[in-house]
1. If you go through the range 192-211 one residue at a time, how many are among the polar types (S, T, N, Q) and in a helix (DSSP H, G or I)?
2. For R132, only one of the following conditions fails: (1) within 26 Å of G185 (Cβ to Cβ); (2) open to solvent by 30 Å² or more (accessible area, probe 1.4 Å); (3) more than 15 Å from the ligand (Cβ to nearest atom); (4) not small (G, A, S). What is its number?
3. So Q114 fits all but one of (1) within 16 Å of the ligand (Cβ to nearest atom); (2) open to solvent by 10 Å² or more (accessible area, probe 1.4 Å); (3) more than 29 Å from A63 (Cβ to Cβ); what number is the exception?
4. Could you list, in sequence order, the residues of the range 131-162 that are hydrophobic (A, V, I, L, M, F, W, C) and more than 13 Å from I181 (Cα to Cα)?
5. Taking the range 30-62 on its own, how many of its residues are open to solvent by 80 Å² or more (accessible area, probe 1.4 Å) and small (G, A, S)?
6. Out of curiosity, is L200 modelled with pLDDT of 95 or more and in contact with a Leu (Cβ under 9 Å, 6 or more places away or on another chain)?
7. Which residues, taken from the range 98-154, are small (G, A, S) and within 18 Å of the chain's Cα centre (by Cα)?
8. Any idea which of K83, K120 is open to solvent by 40 Å² or more (accessible area, probe 1.4 Å) and not small (G, A, S)?
Amino acid sequence: MRFFLDSAHVEQIEQAQRLGILDGVTTNPSHVASTGRPFLELYKEICAMVDGPVSLECISLKAEEIVAEAKKLVKIGDNVVIKVPLMKEGLIAVKELEAMGIPTNVTTVFSAAQALLAAKCNATYVSPFIGRLDAIGHDGIDIVSQIKTIYNQYGYDTQIIVASVRDPQHVLDCALLGADIATMGLDVISLLYNHPLTDLGIERFLKDWEKVPK
Ligand code: G3P
């Protein structure tokens with residue numbers, strides 16, 4: 001299972017890289033806005049520092065404009081993946097971009113039926129937002145399970161990037177379902193390390209070590 005960092009903050013990317021478990025980065029307009037930096041120089045810096053795919057999101061709403069925007073973004077680096085929102089015009093653009101050899105990540109996906117459409121348009125990645133579904137009383141993981149079943153059933157190559165991941169249980173559930181990738185913030189990655197029994201275990205060993213003759 002691959003781990004992507006869901007962030008546009010260079011310092012956070014560096015921290016995730018230091019942990020040695022970073023396989024790629026996903027950005028979105030909100031993450032970029034939170035850095036306060038001009039987007040082009042930021043994208044260049046991120047793409048240069050990451051050894052793996054970096055998703056950069058198109059903000060156009062018409063297919064031709066999305067394709068034109070994507071063609072500019074893809075020049076930033078060999079690892080650029082074009083993030084396109086799930087909508088009619090977006091899907092038309094995805095099919096075209098994939099035919100041109102430009103990898104896409106279909107984003108803001110909230111149902112398995114939407115994910116089926118993304119696969120039919122040959123998207124390289126699909127991003128179901130599970131945390132936002134949970135927040136409105138749906139079961140985000142259930143959608144991932146449905147997507148996995150559908151993709152296996154028909155042999156679609158589209159890879160599932162589980163997004164809007166909120167906690168370690170989400171990551172575990174995704175891993176059990178065989179999701180290809182989970183993209184998450186540094187806060188969720190940090191939570192993965194924590195376990196109260198681990199803390200207690202370390203504390204006990206250190207206490208006992210004090211009794212060892214030195
Ligand atoms: O980047 C896409 C997605 O992971 C955003 O998630 O719900 O934390 O804004 P959210």
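1. Start the filter on the range 192-211 by keeping residues that are among the polar types (S, T, N, Q), which leaves 194, 198.
Narrowing the set further to residues that are in a helix (DSSP H, G or I) leaves 198.
The number of residues fulfilling the criteria is 1.
2. Failed condition: (3).
3. For Q114, the exception is condition (3).
4. From the range 131-162, those hydrophobic (A, V, I, L, M, F, W, C) are 133, 135-136, 141, 143-144, 147, 150, 160-162; that's our starting set.
Within the range 131-162, L133, A135, I136, I141, I143, I147, I150 qualify.
5. 2
6. Values: modelled with pLDDT of 95 or more: yes; in contact with a Leu (Cβ under 9 Å, 6 or more places away or on another chain): no.
No, not satisfied.
7. First, the residues of the range 98-154 that are small (G, A, S): 99, 101, 111-113, 115, 118-119, 123, 127, 131, 135, 137, 140, 145.
S111, A112, A115, A118, A119, A123, S127, G131, G140, S145, listed by residue number.
8. Working: K83 fails: open to solvent by 40 Å² or more (accessible area, probe 1.4 Å).
That would be K120, the only listed residue that is open to solvent by 40 Å² or more (accessible area, probe 1.4 Å) and not small (G, A, S).
The values are calculated or read from the model by the stated rules, or taken from the named source; none is laboratory data. Just so we're clear, the structure is a prediction, and the values are computed from it rather than from any experiment. In this analysis, Cβ positions are derived from the backbone assuming ideal geometry, glycine residues included, and neighbour counts consider all displayed protein chains. We work out accessible area using only protein heavy atoms, side chains counted, and drop any ligands, DNA or RNA first. Shrake-Rupley method; radii C 1.70, N 1.55, O 1.52, S 1.80 Å.
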